[in-house]
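J.: Have a look at this one.
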Amino acid sequence: MKSLPTKKNHLLGAALVAAAMALPLSNTAFADAAPERGIVAFKYINYEDSQPDTDRMSVNAYTVSAMAPIAGTWSISTSYTYDSVTGASPHFHSYLEPPAPDGTSGASKIKEQRYSGDLSVTRYLSKGSVTAGTSYSSENDYISRGYSAQGSISTEDKNTTFTFGGSYTTDTINSSNSIAQNMAKRTVAGLVGVTQVLTKQDIVQVNLGYSRGKGYFNDPYKWLERRPDRKESKTVMTRWNHHFDGIDGTSHLSYRYYTDTFGIRAHTFGLEYLQSLPNDWTVTPSVRFSSQTAADFYCPTNPAEDPTMPPPEADNLYSAGSYISLDQRLSSYGALTLGIKVSKRIAKEWLVDVKYENYEQRAGWSMTGGGDPGLAPFSASFFQVGLSREF
C-alpha cells in the first residue's frame, strides 16, 4: 500500500505558537481595576524539532499585540500573528520513511504560512470583570474561528476570586492531498475556577475545565488514520505562588491532570522561579515534566521488525472499520522541558525579554509504563525574544 503524502501538524501553527507567544498584556484581563496604561508588544519565536540524525519541523513566528484602557472602566486587546513552517513530517509513528522506488522521499517537504488574529474587550466592575473575544486563523488547508467569554467576581475582602468562562471553536479542513475536503470540527469548552489569597506571600488557584468536540479529528496526512468523530476532555489545574520577601523571589508551582474519551490520561508538573536582580533585571529558570498514557486506538510499532513500517495487522484493523492511529503524539511517553528566561526593564517603560526552552520526549519516561519501545526519541527547542512598551 502506497503511503499518503504528509504535512505538518496544525498544532504547531496554532496551539503551540499561541501558548509560546503569550504577551504581558494578557495578565491584565482579570485585574481588580482597569489598567491605567496601555501596552504595545512584539515577540519572535523560533521552534525546531528533530529525531536522531533527522531535522524535522521549523517554525518562525512573529506577533504584534496591543492593549489600551478606555474611559477608566474598559480595555481593548488585539494581536496579529504570522508564522511560517518548513521541514518534513513522518507518515506514521516517529519515522521519516526511506526513499520510494522512484527515488523520491516518503516524507513531504513543507513550506507553509499561517495568519491569525484576535480581539477582546474587557469591562471592569467594582468586584470583577467580564471579557468577550473572538479569534481567526487561516492557512491554505485549515481555517479556525473562535468565540469566547470569561468573567470573574471577588469577595468583599478581595481575598477570593471566582472565574468562569466558555468558548466555541469551529474549524474547516481542506487537506491538500484531497483526503479531507470541506470537513468540519466544532468544539465547546468551559472553565470554572477559584483563586484564594492565603497569606501576604501565598496565593493558590484551582481551575476545572471541560470540552466537547464533534467532527473531523483525523490527521489527513497520516497513514491508516481513523479516529472517533467525538471527543470529550476534562482538566484539573492547580497553582501555588509563594513570594520570598527576604530575597524578593517568587516560586510558581503547578500541576495539571488531563483525561479524554480517546483514553489518554496525562499529568503535568511545573516549577518556575522568578528572581529579581539589581538594575531591573529578572531571571526565571523553569522545569516541567509531563507523562501520558496511549490512546485506546494507538497502534504501536513492532520492535522485532523494521521499525519504519507499521504492524502487518494495521491494514486489517483499518479495513474492519476500527479506530486506529499510528501517530506518536497519541502514544504513551514522558517529556521533560528545561527553560530559562531573562528580562530587563529599561527606562521604566520598556521591557526586553529572552527565553529558551529545550524539550525531550522518550517512550521509556512514561510514569505508568507501557511506552512504545519502537519509537525514536524526540527533541525540540524554543527560542523567544520580546520587546514591550507601556504608554
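The values are calculated or read from the model by the stated rules, or taken from the named source; none is laboratory data. Since we're looking at a predicted model, the values are computed, not measured. Note that we place each Cβ from the backbone using ideal geometry, even for glycine, and neighbour counts take in every protein chain shown.
J.: Any idea which of (1) at pLDDT 85 or above; (2) loosely packed, with under 14 Cβ neighbours inside 10 Å; (3) within 22 Å of T54 (Cβ to Cβ) is the one T337 doesn't satisfy?
T.: The number of the failed condition is (2).
J.: Scan region 234-260 for residues that are among the small types (G, A, S) and surrounded by fewer than 16 Cβ atoms within 10 Å (Cβ to Cβ) and jot them down.
T.: Selection gives G246, S251.
J.: Residues in region 348-360: is at least one farther than 24 Å from L271 by Cβ, in contact with a helix residue (DSSP H, G or I) (Cβ under 9 Å, 6 or more places away or on another chain) and among the basic types (K, R)?
T.: Scanning region 348-360 turns up at least one residue that is farther than 24 Å from L271 by Cβ, in contact with a helix residue (DSSP H, G or I) (Cβ under 9 Å, 6 or more places away or on another chain) and among the basic types (K, R).
J.: Next question, about the same structure. Considering region 231-256 alone, what residues qualify as being among the β-branched types (V, I, T) and under 27 Å from the mean Cα position of the chain (by Cα)?
T.: Scanning region 231-256 gives T235, V236, T238, T250.
J.: Hey, among the residues in region 375-390 that are out of contact with any Gly (no Cβ under 9 Å at 6 or more places or on another chain) and closer than 18 Å to E360 by Cβ, which one's surrounded by the most Cβ atoms within 10 Å (Cβ to Cβ)?
T.: This residue is L375.
J.: If you don't mind, there's one more thing I want to ask. Considering only region 247-299, give the strands (runs of 3 or more DSSP E) lying wholly within it that have at least 1 residues that are in contact (Cβ under 8 Å) with a residue 40 or more places away in the chain, closer than 22 Å to R362 by Cα and in contact with an Asp or Glu (Cβ under 6 Å, 6 or more places away or on another chain).
T.: Because the criterion is at least 1 residues that are in contact (Cβ under 8 Å) with a residue 40 or more places away in the chain, closer than 22 Å to R362 by Cα and in contact with an Asp or Glu (Cβ under 6 Å, 6 or more places away or on another chain), the strands (runs of 3 or more DSSP E) in region 247-299 that meet it are 281-292.
J.: Do we find a residue being within 20 Å of the chain's Cα centre (by Cα) and in contact (Cβ under 8 Å) with a residue 60 or more places away in the chain anywhere in region 208-217?
T.: Looking for residues that are within 20 Å of the chain's Cα centre (by Cα) and in contact (Cβ under 8 Å) with a residue 60 or more places away in the chain, one finds none in region 208-217, hence no.
J.: Can you name the residue in region 340-374 that is surrounded by 15 or more Cβ atoms within 10 Å (Cβ to Cβ) and part of a helix (DSSP H, G or I) and, of all such residues, is modelled with the highest pLDDT?
T.: Here the answer is W365.
J.: Of all residues in region 135-163, which are over 17 Å from the mean Cα position of the chain (by Cα) and exposed (fewer than 14 other Cβ atoms within 10 Å of the Cβ)?
T.: Hits for region 135-163 are N140, Y147, T155, E156, D157, K158, N159, T160.
J.: Scan region 70-85 residue by residue and report those that are farther than 20 Å from T134 by Cβ and in a strand (DSSP E or B).
T.: Within region 70-85, S84, V85 meet the criteria.
J.: Would you call H242 modelled with pLDDT of 95 or more and in contact with a Leu (Cβ under 9 Å, 6 or more places away or on another chain)?
T.: So H242 fits the description; yes.
J.: Out of the residues in region 350-371 meeting the condition of being closer than 24 Å to G249 by Cβ and among the charged types (D, E, K, R), tell me which one is nearest to the chain's Cα centre (by Cα).
T.: The residue in question is E357.
J.: Give the residues of region 216-246 that are assigned to a loop (DSSP other than H, G, I, E, B) and under 30 Å from L277 (Cβ atoms), sorted by residue number.
T.: Hits for region 216-246 are D245, G246.
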